[in-house]
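*Asks:* Below are the structure tokens for one structure; questions will follow.
The values are calculated or read from the model by the stated rules, or taken from the named source; none is laboratory data. None of these values were measured; they are calculated from a predicted model. For neighbour counting, all protein chains shown are included, and Cβ atoms are generated from backbone atoms with ideal geometry for every residue, glycine included.
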Ligand SMILES: C[S@@+](CC[C@H](N)C(=O)[O-])C[C@H]1O[C@@H](n2cnc3c(N)ncnc32)[C@H](O)[C@@H]1O
């Protein structure tokens, strides 16, 4: 009987023979395994990193330093994907789409650590190799090892100078590469900055900075000063309702749990407030409309201000699950939620104030959505602009003569901002108010009459807003 056919002897005690075990990466390195799983969910099922990661950390009970590391790696690798992929393709000597998805996730994680963190290079490589070996065994781990060793031969600056478009002939492409943004987005920022295009590097860098948590103190419930005192935060510089926190989980704060405060970017607070400050021709009859209300952040602030002013808000949202979020967040406030398409909401005309916080590319909020910059495509813009124009046309029908519309986007892309507004002004004879006057005390809003906020100038999302009066 040959050696291979001989029946295996059972060791004493009837124990099974020991198999050589692959390392269990989950147990060895929970943070990197979690980050890898986030990248995989984003790649395979178009998941949102900032929804997947917190759920995954909770489910696996990953806390403290491990949670912080998983967050830094998952979000950082998502944000810098374009830069990482160019380096990986060079290191692998083949295009990215010829690398198996699960290996690419780990290569992105490893390359991010090598180029953009202080993790020691040997640890970045070894932990990546372990992740692959645990799942696929040695052959594929060898490939990852070889690629990452090539990546580790240069630092980030040197990879940028090797692979980025030349600064002289393509300055926007160069900065886009260096700050890991698609070029079309960097170009959209340049266009919106206009004469301040020299600030492009600062705008791009702001997208990678961890944004502070902004709370809104609900008017009539709690003041910003009280909220700051309770939470240990600082009052925001521009919105009278804003409090800034360094970090932490705002959902755990008592004022947030009790509904006295909410989480809302200070720029969004300024948009809702601007609608209430806009001067009307004639008296305010107290009929206010939020035409694109889900998930309800601005509707809640408008509702609280309406409560104080004796006004009432109709809030329109076509997606039932988002309308439900509006109902929840505005409970107890004078807000009526309508599940309807804002283009034909079936409401009685004659509103004094209408907010069109339009669906948009979200290019002004990239710092809050790690993977968004690589998912959005230039071809998305045209469809959104069409919808934005139709929503603004609908608002024009719904507002009374002398009433005011505030049109806003969390995108500075000019087709979605000044393009949509200019079209409405031309078609409907709307008068553009000086929107900057509706943001008292806020500097650096541009040449008007509209207003553009920027993360690098104001610490807010890059919200655009224009106030328009129907003649
Ligand atoms: C930028 S978000 C609004 C954010 C909201 N104002 C807030 O502060 O929480 C745009 C919203 O418009 C909704 N929307 C999409 N198509 C719409 C339509 N045809 N009519 C009205 N709303 C629409 C989206 O579902 C989304 O909830």
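*Asks:* Give the number of residues within region 53-64 that are without any contact (Cβ under 8 Å) to a residue 12 or more places away in the chain and assigned to a helix (DSSP H, G or I).
*Replies:* The initial filter retains those residues of region 53-64 that are without any contact (Cβ under 8 Å) to a residue 12 or more places away in the chain, namely 54-55, 58-59, 61, 63-64.
With the extra rule that they be assigned to a helix (DSSP H, G or I), the set shrinks to 54-55, 58-59, 64.
Residues flagged as without any contact (Cβ under 8 Å) to a residue 12 or more places away in the chain and assigned to a helix (DSSP H, G or I) within region 53-64 amount to 5.
*Asks:* Return yes when residue 335 is in contact (Cβ under 8 Å) with a residue 24 or more places away in the chain, in contact with a strand residue (DSSP E or B) (Cβ under 6 Å, 6 or more places away or on another chain), closer than 19 Å to residue 449 by Cβ and buried (at least 24 other Cβ atoms within 10 Å of the Cβ) and no when it is not.
*Replies:* no
*Asks:* It is to be established whether one or more residues within region 232-249 are assigned to a helix (DSSP H, G or I) and touching a strand residue (DSSP E or B) at 6+ places or on another chain (Cβ under 6 Å).
*Replies:* Looking through region 232-249, none of the residues is assigned to a helix (DSSP H, G or I) and touching a strand residue (DSSP E or B) at 6+ places or on another chain (Cβ under 6 Å).
*Asks:* What's the number of the only condition in (1) assigned to a helix (DSSP H, G or I); (2) more than 13 Å from the ligand (Cβ to nearest atom); (3) more than 28 Å from residue 303 (Cα to Cα) that residue 420 fails to meet?
*Replies:* (3)
*Asks:* With the condition being within 20 Å of the chain's Cα centre (by Cα) and either within 24 Å of residue 278 (Cα to Cα) or in the same structural domain as residue 79 (by TED's automatic domain parsing) (or both), I'd like the strands (runs of 3 or more DSSP E) fully within region 305-367 carrying at least 1 qualifying residues.
*Replies:* Output list reads 351-357.
*Asks:* Scanning for something modelled with pLDDT of 95 or more, within 25 Å of the chain's Cα centre (by Cα), within 26 Å of residue 46 (Cα to Cα) and surrounded by fewer than 21 Cβ atoms within 10 Å (Cβ to Cβ), does region 74-82 turn up at least one residue?
*Replies:* Yes, region 74-82 has at least one match.
*Asks:* Take residue 299 and decide whether it is free of Cβ contacts under 8 Å to residues at least 40 places away in the same chain, in a helix (DSSP H, G or I), assigned by TED's automatic domain parsing to the domain that holds residue 337 and under 23 Å from the mean Cα position of the chain (by Cα). Step through it out loud before you land on a result.
*Replies:* Values: free of Cβ contacts under 8 Å to residues at least 40 places away in the same chain: yes; in a helix (DSSP H, G or I): yes; assigned by TED's automatic domain parsing to the domain that holds residue 337: yes; under 23 Å from the mean Cα position of the chain (by Cα): yes.
The answer is yes for residue 299.
*Asks:* Now for a different question. Considering 262, 286, which residue is touching a helix residue (DSSP H, G or I) at 6+ places or on another chain (Cβ under 8 Å) and more than 18 Å from residue 351 (Cβ to Cβ)?
*Replies:* Unique residue meeting the criteria: 262.
*Asks:* Another question, if that's okay. So, residue 408, is that one within 14 Å of residue 342 (Cβ to Cβ), crowded, with 20+ Cβ neighbours inside 10 Å, within 11 Å of the ligand (Cβ to nearest atom) and under 26 Å from the mean Cα position of the chain (by Cα) or not?
*Replies:* Yes.
*Asks:* Considering (1) within 8 Å of the ligand (Cβ to nearest atom); (2) surrounded by fewer than 23 Cβ atoms within 10 Å (Cβ to Cβ); (3) more than 25 Å from residue 261 (Cα to Cα), say which one residue 344 fails and leave the rest.
*Replies:* (1)
*Asks:* Is one or more of the residues making up region 388-397 farther than 16 Å from residue 429 by Cα, outside any helix (DSSP H, G or I), within 14 Å of the ligand (Cβ to nearest atom) and modelled with pLDDT of 95 or more?
*Replies:* No, every residue in region 388-397 fails to be farther than 16 Å from residue 429 by Cα, outside any helix (DSSP H, G or I), within 14 Å of the ligand (Cβ to nearest atom) and modelled with pLDDT of 95 or more.
*Asks:* Given the structure, is residue 436 in a strand (DSSP E or B), modelled with pLDDT of 95 or more, touching a strand residue (DSSP E or B) at 6+ places or on another chain (Cβ under 7 Å) and under 23 Å from residue 352 (Cα atoms)?
*Replies:* Criteria not met by residue 436.
*Asks:* Let me ask something else. Taking region 283-296 as the region of interest, how many residues are away from the ligand (no atom under 12 Å from the Cβ), crowded, with 24+ Cβ neighbours inside 10 Å and either assigned to a helix (DSSP H, G or I) or on the phi > 0 side of the Ramachandran plot (or both)?
*Replies:* 0
*Asks:* A further question on this structure: What number of residues within region 249-274 satisfy the criterion of being within 11 Å of the ligand (Cβ to nearest atom) and in contact (Cβ under 8 Å) with a residue 60 or more places away in the chain?
*Replies:* So the answer is 6.
*Asks:* Further question on the same structure: Output the number of residues of region 100-155 satisfying the condition of being under 19 Å from residue 73 (Cβ atoms) and surrounded by fewer than 19 Cβ atoms within 10 Å (Cβ to Cβ).
*Replies:* 14
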